[in-house]
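Asks: I have a structure here, written as structure tokens, and I will follow up with some questions on it.
What follows draws every value from the coordinates through simple rules; no lab data is involved. What you are looking at is a predicted structure, and each value in this text was computed from that prediction instead of being measured. A quick note on method: Cβ atoms are made from the backbone with ideal geometry, for glycine too, and the neighbour counts reach across all protein chains shown.
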């Protein structure tokens, strides 16, 4: 009788312990993360987003036409890709801060692209309009409207919407599919934006996440892949795995920001290499203006992000160093006409970004390379 009573007490204690652990969010069973992403409902879940990405893709195609000598861009046509393209109003999902600088009738980047197009440009003797130079289209001050618009939208639209779906809202299996799509990933996770991968090639921000990944299983791409798999698994497993769910979605946000600003450092490195030449060729001058426009576009897209590590004040300081502070718009021509001082400023950019995002010296060195090209992935 005493033994039976003792066993009963032990059993009740065990049940109480297990129940208490579950109430505290702890589970004795570790989350099982599958090796492959479940695509059962993927196509239907992303269907409603296709008009938006098509609108963006066609806007970029249209902007790139301005790189050709003599081709004139129509500002109204460019605007329609964002405000009324087959009923799609992309701008409603963007931060107002960025909409003003894209769509403003006088100062927006799409208007500036139109004004500059059809002309040729010499950075040593400005025509007041800008134009084509070294295979790109620049404003009279050396901004590249195409990159300011495209890379801005990688942040202010694609990354912003992914963060909205995963972090600000309660994620669902549908919204995880949608966030994956908006970042530019595919369920096949190719870790490359190379054309040889066809429809499975990474696009948008995912293309740059791949470029910053050494393909050793530890890089940003490997991390973002694992955390999407983990997030999907946690949602399928239920509320007992909310801890794992939150770990995964917060990791994805962090990787997006880090990969964005790692790419800023990458373009800073390439610009310093060009600017350090005794005499810069036309190709090197154009490549420098292009690279610094990419930096400014990426950075501008994150200025007003609702969840980010870099402070607003540091973001504005960064844009000032990039000659793209919103209320002044700067003068990127200084990157080729005032090289000694501007190399110092670009090194300040690298230091600022490294400090804010807590990159190691080894990481900053690795950011010099496009690992997709380096490894022919």
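Asks: Report the far tail of the P(r) of the range 65-195, meaning the percent of Cα-Cα pairs longer than 23 Å. Don't jump to the answer; show the numbers that get you there.
Replies: On the way: 3794 of 8515 pairs.
Of all Cα-Cα distances in the range 65-195, 45 percent exceed 23 Å.
Asks: Beta carbons within 10 angstrom, averaged per residue: use that to sort the peptides 78-90, 143-155, highest first.
Replies: Those peptides, ordered most packed to least, come out 143-155, 78-90.
Asks: What Rg and what Dmax come out for the range 301-343 when only alpha-carbon atoms are used, in angstroms?
Replies: According to the Cα coordinates of the range 301-343, Rg and Dmax are 12.1, 37 Å.
Asks: Give me 37, 241 sorted ascending by neighbouring Cβ count inside 10 Å, so fewest comes first.
Replies: Working: 37 19, 241 23.
So the residues, fewest neighbours to most, are 37, 241.
Asks: Still on this model: Go ahead and estimate [θ] at 222 nm for the chain from helices alone: -39,500 (n - 2.57) per DSSP H run with n ≥ 4, summed, over the residue count, rounded to 500.
Replies: It comes out at -17500 deg cm²/dmol, rounded to the nearest 500.
Asks: What's the extension gain from residue 351 to residue 89 if we count 0.36 nm per residue and subtract their Cα-Cα distance? Could you put the intermediate results ahead of the total?
Replies: On the way: separation 262, 0.36 × 262 = 94.32 nm, distance 3.81 nm.
Working it through step by step, the gained length comes to 90.5 nm.
Asks: I've got another one for you. Sorted by mean Cβ packing within 10 Å, highest first, what order do the peptides 113-125, 250-262 take? Intermediate results must be reported in sequence, preceding the final value.
Replies: Details: 113-125: 18.1, 250-262: 22.5.
Descending mean neighbour count gives 250-262, 113-125.
Asks: Quick one: if the Förster radius is 45 Å, what FRET efficiency do residue 67 and residue 216 give, using the C-beta to C-beta distance and rounding to 0.05?
Replies: Calculated transfer efficiency: 0.80.
Asks: What is the fewest-to-most order of 50, 166, 229 by other Cβ atoms lying within 10 Å of their Cβ?
Replies: Going from sparsest to densest Cβ surroundings: 50, 229, 166.
Asks: If you don't mind, another one. Taking just the C-alpha trace of the chain, give me its Rg and Dmax in Å.
Replies: Just the Cα atoms of the chain yield Rg and Dmax of 24.1, 103 Å.
Asks: Label residue 312 and residue 277 with points 7 Å out from Cα along Cα→Cβ: what is the distance between them in nm?
Replies: 4.1
Asks: Can you tell me the relative contact order of the range 198-271? Whole percent, Cα pairs under 8 Å, sequence separation 6 or more.
Replies: It comes to 30 percent, rounded to a whole number.
Asks: Okay, next question. Shape verdict for the range 229-377, please, from the Cα gyration tensor: rounded (a/c under 1.5), prolate (a/b greater than b/c) or oblate.
Replies: Note, shape of the range 229-377 comes out prolate.
Asks: Could you work out the relative contact order of the chain, using alpha carbon pairs under 8 angstrom and six or more residues apart, expressed as a whole percent?
Replies: 16
Asks: Estimate the FRET efficiency between residue 200 and residue 129 by the formula 1/(1 + (r/R0)^6), using the beta-carbon distance for r and 56 Å for R0, to the nearest 0.05. The partial results should precede the final answer.
Replies: Details: r = 42 Å, r/R0 = 0.74.
Step by step, r from the Cβ atoms, then E = 0.85.
Asks: May I pose another question? If each of residue 334 and residue 47 carries a label point 7 Å out from its Cα toward its Cβ, how far apart are those two points in nm?
Replies: 5.3
Asks: Sort 352, 59 so that the residue with the fewest other Cβ atoms within 10 Å of its own Cβ comes first and the one with the most comes last.
Replies: 352, 59
Asks: Separate question: Based on the mean of other beta carbon atoms within 10 Å per residue, what is the order of 266-275, 63-72, most packed first?
Replies: By packing density, highest mean first, the sequence is 266-275, 63-72.
Asks: In addition: Assuming 0.36 nm per residue, please report the length gained on full extension of the stretch residue 376 to residue 358 beyond their Cα-Cα distance.
Replies: 3.6 nm
Asks: Once both labels are modelled 7 Å past Cα along the beta-carbon direction, what's the residue 168-residue 105 spacing in nm?
Replies: For residue 168 paired with residue 105, the spin-label model returns 2.9 nm.
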